[in-house]
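Novice: The following block contains the structure, expressed as structure tokens.
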Amino acid sequence: MTDAEATRPANGGGDNDVAATEPDAAALLEGDLDRLMGERDEMRALAQQIQADFENYRKQAMRRETAIVERASESLVEKLLPVLDSFDAALAQLSDTTDPGVRKGIELVFSQLVGVLEAAGLERIDSDGAAFDPNEHEAVLHEDGDGEPTVAATMRAGYRLKGRVLRPAMVKVTK
């Protein structure tokens, strides 16, 4: 036997064996690549879903926090409405003989309080002469009139906070 024959594999395949295993290896690598790309796509989809869920959670938490702050400010503003009523009564009771310094002081404090509350979104409901609206007015007195119900007089001012009625105006209605 020659040296060349001795180094040749016993099955006699030679170069054909290498060529036969290359397509198998390529198929295995291609299968692994497909599997890995599928796993990558699944992980990417999972990461995107988690990111979207977190973003939704963050927005929901922000809405809850904003609602809590708004309820707290609404409560404070509602508690200050009797103070506004007291200022209205005090200003109505001031006469021409009242000391001008006292009058100016009361008017200044009242206008500052109203300014702060208006900046928070409070607005007075204009009632006198307006058409009666049960959403904005609470009728406590009625008198005969002609036509549609109309507000004849306001007994207590009503207020809206950020467009929502906080306290309806207490009114006298003609109908």
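Novice: Which condition from (1) among the acidic types (Asp, Glu); (2) at pLDDT 95 or above; (3) more than 60 Å from the chain's Cα centre (by Cα) is the one that Asp17 breaks?
Specialist: Unmet for Asp17, out of (1) among the acidic types (Asp, Glu); (2) at pLDDT 95 or above; (3) more than 60 Å from the chain's Cα centre (by Cα): (2).
Novice: For segment 142-160: of the residues being under 19 Å from Ser86 (Cα atoms), in contact (Cβ under 8 Å) with a residue 24 or more places away in the chain and among the hydrophobic types (A, V, I, L, M, F, W, C), which is most open to solvent (accessible area, probe 1.4 Å)?
Specialist: Going through the qualifying residues, I end up with Ala153.
Novice: So which of Glu74, Glu55, Glu65, Glu22 is modelled with pLDDT under 95 and under 28 Å from the mean Cα position of the chain (by Cα)?
Specialist: Glu74
Novice: Considering segment 77-94 alone, what residues qualify as being within 21 Å of Lys162 (Cβ to Cβ) and either outside any helix (DSSP H, G or I) or not basic (Lys, Arg) (or both)?
Specialist: Hits for segment 77-94 are Val77, Glu78, Leu80, Leu81, Pro82, Val83, Leu84, Asp85.
Novice: For the list (1) out of contact with any His (no Cβ under 9 Å at 6 or more places or on another chain); (2) open to solvent by less than 80 Å² (accessible area, probe 1.4 Å); (3) modelled with pLDDT of 95 or more; (4) of a type outside the set (Asp, Glu), I need the number of the one condition that Val171 fails.
Specialist: (1)
The values are calculated or read from the model by the stated rules, or taken from the named source; none is laboratory data. Here the structure is a predicted model, which means the values were calculated and not measured. Cβ: placed from backbone, ideal geometry, glycine included. Neighbour counts: every protein chain shown. For accessibility, only protein heavy atoms count, side chains too; no ligands or nucleic acids. Shrake-Rupley method; radii C 1.70, N 1.55, O 1.52, S 1.80 Å.
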